[in-house]
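One structure is given below, represented as structure tokens, and several questions about it will come after.
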Amino acid sequence: MNRIISKTMLSESVCRMTVEAPLVARARKAGQFVIVMADAELGERIPLTIGDADAAAGTVTLVFQTVGATTAKLAALEEGGAVAAVLGPLGRPTEIRGENGEKPGHVVCVGGGIGVAPLHPIAQALKAAGNKVTVIMGARTESLFVMEDEMRAIAGENLIKITDDGSSGRKGLVTEPLEELCRAGGVDEVIAIGPPVMMKFCCRTTEPFGVKTTVSLNTVMIDGTGMCGGCRVSVGGKTRFVCVDGPEFDGHQVDWAQMAARMSAFKAQEAEARDHACRIGLIPPRKA
Amino acid sequence: MTAQEKLSIPPQEMPEQEPGVRARNMDEVALGYPAEAARTEASRCLHCAAKPCMKGCPVAIDIPEFLGKAAEGDFAGALATIRKSSLLPAVCGRVCPQERQCQMHCTVGKILKDSGKAVAIGRVERFCADFEARAVEEGRLSPPAPELAPPTGRRVAVIGSGPASITAAADCARAGHEVTVFEALHKPGGVLVYGIPEFRLPKKIVEREIESLRAMGVKFETNFLAGRTRRIADLLDEDGFDAVFVGTGAGLPKFMGIEGENLIGVFSANEYLTRANLMKAYEEGRADTPFWHGRAVAVLGGGNVAMDAARMALRLGADEVHLLYRRSEAEMPARREEVEHAKAEGVRFHTLQNAKRILGGEDGRVRAVECLRYTLGEPDASGRRSPVPVEGSEFEIAADTVIVAVGNGSNPLVAATTEGLEVDGRGRIKTDGAGRTSVKGVYAGGDIVLGAATVILAMGEGRRAAASINQDLSAGL
């Protein structure tokens, strides 16, 4: 059990929750994630990215959108309560330019919707390693922006906001300023985290410029330790496990169509679960 | 009773749920002997001086001794004999491949020229364990009090909580060491909980074993991934552990590397079984984890895991389940009983056939498996006759679900995060044969050393490694 230290709803559907997890807080590095359960008996295990952590206080901050049964249950928990399980930190840490043998340079961080949350520790680490960090934050509408102050603290002037409806910042898509930056030159690396379709189009945008583009994938997972293989994706024609080989991959190598298809595998069941009326029968009747 | 009289006692059948009924529920298939049948079966033992059965037992249980006691109705005494060598009789009585171990060497089976008529050692073992458990449950008996050596003040960390780890933890705790078990999942038990289904090994039994460890003072920390949450070196250098046992198992599913393996509806057996077993996805409407409503299911593989997956698919409502295995039934690595059970429940066996590729529709979902026929050639390195594909023999089996059950590799995480820990070409941790690894203070056993094996072999490994730990700690290392 991990005690909930604080909980805020950032918008109607986005929750920011800080939970006690001292070992995770101490060990985590940018780019890693946790598996969380709302209920240990019949609950589901879902991967959530670590938005922030405080090693001294022994806490990690999770930012998530209520999209399924588990995120809804989590969002319904209150300060002083507890989440049933937090396992982590999982996955490989981000290779931070400036720490990985390459010289610091100009890195553009693109975050879509709550993709800004996992991007935050990465941008922080990139800045600390001496890189120039430009942040592009995109959302459908103004109320869906998260962690803007935190990102501004890192990027300062170099923060570009863009919304689909023009309610805040520029009107348009994140790929537009991204293309302009690539065209202007001097971009050494791009890190894009957000909905799959956004990451895919960011990769399409940077490919003609030959700019290395890293994406962070969030596929269906159960254990998060390499045991189930449910999270597998094709990268450069090879099957890789997001939980242990990722979550970050070279976006130009990812088979986006296959990943999107796999992520929708349980859509029907999930929809059913949302408007489910309990029925006792364990096994569906056999077709005659 | 003379030998001749003993040989004339018919092998006792174990009651089972009817195939048509059990294929639709999660309850245990085999119901266990009644006391009288257990005594009768045990009395079939000839008590040969050479005890050939013991040579077939990876942990060398004194089988004739326990059978002798069981035949007299002294089930507690029989269990005490088993416990001298094996920690998990209720589990092993159910999941050991006895026909390839103790029962294969049984003289009774040899005389009757049918290994299927050997003394049913596993069934008697199971009965003895269940007999005690029932007595404890009904309050007629207090739980067996573990004998613990006085506290040594030394601390042992056990990584993973499957059969190897459970055994190592118990043996180290008995020696007076303070033991903490670290488990990555949210429930302890390892493969006994996530992999082996309820209908073959009720989870209550695993919980009972975990409880008996707790009663010995063993602590459990779930949601802890060694290598990520803490590294092995942290446990030794900073957290005050004197020894670490690594029993992380073979938890990295192998795929076949064929076309279509990432289509929607293709699962590793690990995923398919974990959803059902650990996550209880079959409790639809109560469990949050969704399960896959496969109607026509193809299972690839011929081991116990393949049988478990195929039988689970039936229980989850499949109309038809096809099991494809590229060798013949004689080479199948699964326990005989599981093969028989699967057939009786309606799993359709396709031997000497294997998937060539998995075909999908435009929606990215599985629609069929393209198969090839095989013949058997010369024996290969494993000693089994090698399968040879028949050119041009392609045909399709319609399926909306494919479960890949072709084995597990070694999870690389502990090795990758422990400096100096030597592994072989397949990622298995190298030991000195007694559980000691290349790193001082670090021991290993079970499938992470053997590659995917069996519960009883893993237990034997855990026991050997614990003996080394206890020896090294008492020598002051």
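The values are calculated or read from the model by the stated rules, or taken from the named source; none is laboratory data. Computed from a prediction, not measured in an experiment: that's the story for all the values here. FYI the Cβ positions are ideal-geometry reconstructions off the backbone, even for glycines, and counts take in every protein chain you see.
Of the conditions (1) away from every other protein chain (no Cβ under 11 Å); (2) crowded, with 20+ Cβ neighbours inside 10 Å; (3) of a type outside the set (A, V, I, L, M); (4) closer than 30 Å to B:ALA243 by Cα, B:CYS371 fails just one. Which one is it?
Failing condition for B:CYS371: (4).
B:VAL21 - would you say it is surrounded by fewer than 13 Cβ atoms within 10 Å (Cβ to Cβ), over 21 Å from B:THR107 (Cα atoms) and outside the structural domain of B:PRO197 (by TED's automatic domain parsing)?
Yes, satisfied.
Tally up the residues in the stretch A:212-230 that are on the phi < 0 side of the Ramachandran plot, without any contact (Cβ under 8 Å) to a residue 60 or more places away in the chain and surrounded by 21 or more Cβ atoms within 10 Å (Cβ to Cβ), please.
6
Oh, and also: Filter the stretch B:390-446 for residues that are farther than 23 Å from A:THR225 by Cα, part of a loop (DSSP other than H, G, I, E, B) and charged (D, E, K, R) and give the result.
B:GLU391, B:GLU394, B:ASP400, B:ASP432, B:LYS440
Being in contact with a strand residue (DSSP E or B) (Cβ under 7 Å, 6 or more places away or on another chain), aliphatic (A, V, I, L, M) and either at pLDDT 95 or above or within 30 Å of B:GLY153 (Cα to Cα) (or both) is the filter here, so list the residues in the stretch B:228-255 that pass it.
Passing the criteria: B:ILE232, B:LEU235, B:LEU236, B:ALA243, B:VAL244, B:VAL246.
Is the stretch B:341-357 home to any residue that is under 19 Å from the mean Cα position of the chain (by Cα), modelled with pLDDT of 95 or more and not hydrophobic (A, V, I, L, M, F, W, C)?
Within the stretch B:341-357 (the criterion being under 19 Å from the mean Cα position of the chain (by Cα), modelled with pLDDT of 95 or more and not hydrophobic (A, V, I, L, M, F, W, C)), the answer is yes, since at least one residue qualifies.
Among the residues of the stretch A:241-254, write down those that are buried (at least 17 other Cβ atoms within 10 Å of the Cβ) and within 21 Å of A:PHE201 (Cα to Cα).
A:VAL242, A:GLY246, A:PRO247, A:GLU248, A:PHE249, A:GLY251, A:HIS252, A:VAL254
Sticking with this structure for a sec: Can you list residue pairs whose Cβ atoms sit under 7 Å apart, with the first residue in the stretch B:199-218 being touching a residue at least 60 places away in the same chain (Cβ under 8 Å) and the second being of a type in the set (Asp, Glu) and surrounded by fewer than 20 Cβ atoms within 10 Å (Cβ to Cβ)? Count only pairs 6 or more apart in sequence or on different chains.
B:PHE199/B:ASP27; B:PHE199/B:GLU28; B:PRO202/B:GLU28
Separate question: Is it the case that the stretch A:98-108 has a residue that's within 14 Å of another protein chain (Cβ to nearest Cβ) and not acidic (Asp, Glu)?
No, that holds for no residue.
Separate question: Taking the stretch A:45-69 as the region of interest, how many residues are buried (at least 22 other Cβ atoms within 10 Å of the Cβ), within 14 Å of another protein chain (Cβ to nearest Cβ) and not basic (Lys, Arg)?
Within the stretch A:45-69, residues that are buried (at least 22 other Cβ atoms within 10 Å of the Cβ), within 14 Å of another protein chain (Cβ to nearest Cβ) and not basic (Lys, Arg) number 6.
Name the helices (runs of 4 or more DSSP H) wholly inside the stretch B:116-207 in which the number of residues that are in contact with a Cys (Cβ under 8 Å, 6 or more places away or on another chain) is 1 or more.
B:121-137
Restricted to the stretch B:97-115, and to residues that are polar (S, T, N, Q) and assigned to a helix (DSSP H, G or I), which residue is nearest to B:PRO58 (Cα to Cα)?
B:GLN98
Just one of (1) within 7 Å of another protein chain (Cβ to nearest Cβ); (2) of a type in the set (S, T, N, Q); (3) surrounded by 24 or more Cβ atoms within 10 Å (Cβ to Cβ) trips up B:ASN262, so point out which.
Exception for B:ASN262: condition (3).
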